[in-house]
Amino acid sequence: MIPNNLNVGFIDRLVRGLLAIDLLALWLAGFLIGPPVTLALLIATYAAITGVLGSCFIYSLLGINTRQRTEP
């Protein structure tokens, strides 16, 4: 049984994790400087946290659910 607050599926979690890794890599490589750094790190942090937890507040507000439920 899947708790109701989990609304992020496996592929979505994978994409969020890759996004977080890519933004972190761009920052470490020096491609992101100045104000974009703050925005990119906030996005990377949010993507990583929601990917790990499997729950996205924005998805909840919009009524989106990418997690597949299997019926018993």
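Each reported figure results from applying straightforward, stated rules to the coordinates on display, with no laboratory input. Note that the structure is predicted; figures quoted are calculated from it, not measured. Positions of Cβ are backbone-derived with ideal geometry, glycine not excepted, and every protein chain shown enters the neighbour counts.
What the table shows:
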item	result
Loop sites in region 4-36: chymotrypsin sites (Phe, Trp or Tyr not before Pro), DSSP, at most 14 other Cβ within 10 Å	PHE31
Long-range Cα-Cα pairs in region 10-62 (distance over 14 Å), rounded percent	53
Top of ILE11, ILE21, ILE58 by mean-square fluctuation, Gaussian network on the chain, Cα under 10 Å	ILE58
Calculated from backbone phi, Karplus (6.51, -1.76, 1.60) coupling profile of region 9-19 in Hz, x at Gly/Pro	x, 4, 4, 4, 4, 4, 4, 5, x, 5, 4
For region 54-61, 3J(HN,Hα) per residue [Karplus equation, 6.51 cos²θ - 1.76 cosθ + 1.60, θ = phi - 60°, Hz, x = Gly/Pro]	x, 9, 10, 4, 5, 4, 4, 5
